[in-house]
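Written below as structure tokens is the structure these notes are about.
All of the numbers you see were taken from the coordinates with simple rules; none came from a lab. Keep in mind the model is a prediction, meaning the values are calculated, not measured. Reconstructed Cβ throughout: ideal geometry from the backbone, glycine too, with neighbour counts over all protein chains shown.
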Amino acid sequence: MDIFLSYAGVDRERAKVLADALARASYSVWWDRTIPPGRVFDEVIQEAIAAARCVIVLWSADAVRSNWVKTEAAEGASRGLLVPALIEDVAPPIEFKRIQAANRRSARRTDDGSRLVVAASGTHRHRRSHPTDALCGRMGRRR
């Protein structure tokens with residue numbers, strides 16, 4: 001799986017727009033709409049984060065207060081795979097302020113996610129070997 005998408009529940013529609021756009025761009029995206037019936041959700045989430053090549057966190061006012069979102073972001077950051085994106089005019093929790101966030105505050109419903117790809121790819125995009133590498137920092141560096 002390429003991307004684990006973390007967001008606050010009230011931001012589900014914006015997460016869906018981004019997930020759909022990334023899927024159209026040939027990225028495999030996991031978000032909590034894909035938890036199978038009968039599975040324990042925190043185990044499924046942990047497995048999905050462990051399998052991800054990238055963790056995108058959508059920061060909103062609700063997300064910065066969500067313990068789940070902060071935990072998912074911390075796991076992505078600890079593995080060097082976190083790509084934060086601001087979807088509202090908020091400051092990320094203090095432990096994530098050192099990581100540059102993509103600005104998606106004005107992203108429209110029709111936004112294809114390409115601005116996030118460009119913002120996250122930085123100057124390293126030419127040295128990458130996997131399609132997700134242009135989106136996410138140090139791919140494949142699992143701990």
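Figures for the structure shown
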{"quantity": "Proxy reagent accessibility, fewest Cβ within 10 Å first, across 41, 96, 4", "calculated": "41, 96, 4"}
{"quantity": "Virtual spin-label span in nm between residue 67 and residue 12, 7 Å along Cα→Cβ", "calculated": "2.2 nm"}
{"quantity": "Label zone at residue 90 (point 7 Å along Cα-to-Cβ), backbone N below 13 Å, segment 35-65", "calculated": "57-65"}
{"quantity": "Using a Förster distance of 30 Å, the FRET efficiency for residue 35-residue 74 (Cβ separation, nearest 0.05)", "calculated": "0.90"}
{"quantity": "At q = 0.13, 0.18 Å⁻¹, base-10 log of I(q)/I(0) for segment 1-102 (Debye sum, equal scatterers on each alpha carbon)", "calculated": "-0.40, -0.80"}
